[in-house]
Amino acid sequence: MTKIAFFDVDGTLVGDAGIPTQATIEAVHRFQADGNLAFICTGRSKPEILPEIMAIGFDGIIGAGGGYISYGDEILHHHTMPATAVREIITFFDAQDIGYYLESNSGLFGSRHYKSKIQETIRDYCQGDELKTAQLVTASQWFYELIDSFAECEIDYADVNKISFINREMPYQDIADKFGQQFEMFQMTVPFFGKESGEIAVKGNDKQTAIELVLNKLKMTKADAISIGDANNDLAMFRACGYNIAMGNGTDDLKAAADEVTLDVAHDGIAESFKKHHYFK
């Protein structure tokens, strides 16, 4: 029976360096070679899914936390934020000195001080460990370069999938209370962005609804679906799939909801699990 696996990216397919290991790549290829399907299922928007990840050869993409879905060359779903609301949100963030970046399929667009805001949260996360701080700043360079590559591009405010914010200035919950009536709110899953940072996305889009759309499209069932994740926003993914794997570096909530806890991302947790299950033959 054909299976379909949905892979979160950050903390699951890749660690802090943003590049999948060879063991992870081989595990995905072996799974597909046995006639199964493999989808990315991530909060990242399309430009953030790096060539090294795309080169694995996934059958489809769920991006922007469920706001964008493709299967092969076919776009199954793309839901963007209203342009007026995007402008209202970034005006608020600018006034509060909160860093952010806009995520669209055509690019990532950072606020004026987004880079320094990320570096501040990295320093907080590292708690004075200068070596760890330097390593994380270096590991994040690809992300700065990606955002900066779109600096001269015109922003289409009607084509924004999601807004991610980097925040030390006010409690996350205050921001969630302000915008949560109109939008889905998620706390940031990248640990070094800090617990007060988060994401704002279109209401009704999450990993569960996206996976269910894919399963319906492909005439597959929940029992056919496997999910692999590490953060609380992957709980939605777990609700849509019949077998759920939490990474060893995952949150306590996700581990409690999982059918299996594998090794952490630094120790090839995906490959370890798939090998144990003989690649879900």
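The values are calculated or read from the model by the stated rules, or taken from the named source; none is laboratory data. Predicted, not measured: the structure shown is a model, and the values here were computed from it. We place every Cβ from the backbone using ideal geometry, glycine too, and count neighbours over all the protein chains shown. Accessible surface areas use protein heavy atoms only, side chains included; no ligands, DNA or RNA. Shrake-Rupley method; radii C 1.70, N 1.55, O 1.52, S 1.80 Å.
In this structure the stretch 1-133 gives 42 Å² per residue of accessible area when probed at 1.4 Å with all protein chains present. The portion of the accessible surface of the chain made up by carbon and sulfur, rounded to a whole percent, is 49 (1.4 Å probe; DNA, RNA and ligands excluded). Ligands, DNA and RNA aside, residue 224 has an accessible area near 20 Å² when probed at 1.4 Å. Shown is the FRET efficiency for residue 112 and residue 132, computed with R0 = 25 Å from the Cβ-Cβ distance and rounded to the nearest 0.05: 0.40. The Cα-based radius of gyration and maximum Cα-Cα distance (Dmax) for the stretch 224-276 are 9.8, 28 Å. The smallest convex shape that holds all Cα atoms of the chain, its convex hull, gives 123 Å³ per residue. Residue 220 sits among other residues whose Cβ lies under 11 Å from its own Cβ, and their net charge, with Lys and Arg +1 and Asp and Glu -1, is +2. Which FRET efficiency value, to the nearest 0.05, do you get for residue 149 and residue 255 by plugging their Cβ-Cβ distance into 1/(1 + (r/R0)^6) with R0 = 30 Å? That pair, residue 149 with residue 255, gives E of 0.25.
Here each label is just a point 7 Å from Cα along the line to Cβ, and for residue 23 and residue 275 those points are 0.6 nm apart. Once you reduce the stretch 218-281 and the stretch 42-101 to the center of their Cα atoms, the two points are 23 Å from each other. Within straight-line reach of residue 132, meaning a Cα separation under 24 Å, sit the following lysines at least 8 residues removed in sequence or on another chain: 115, 117, 195.
A crude spin-label estimate for the pair residue 139 and residue 96, with each label 7 Å from Cα along the Cβ direction, gives 2.8 nm. This model, with +1 at the C-beta of Lys and Arg and -1 at the C-beta of Asp and Glu, gives the chain a dipole about its Cα centre of some 660 debye.
Rounded to 0.05, the FRET efficiency of the residue 219 and residue 124 pair, given R0 = 45 Å and the Cβ-Cβ distance, is 0.40. Only protein heavy atoms count here; under a 1.4 Å probe, residue 44 has an accessible surface of about 10 Å².
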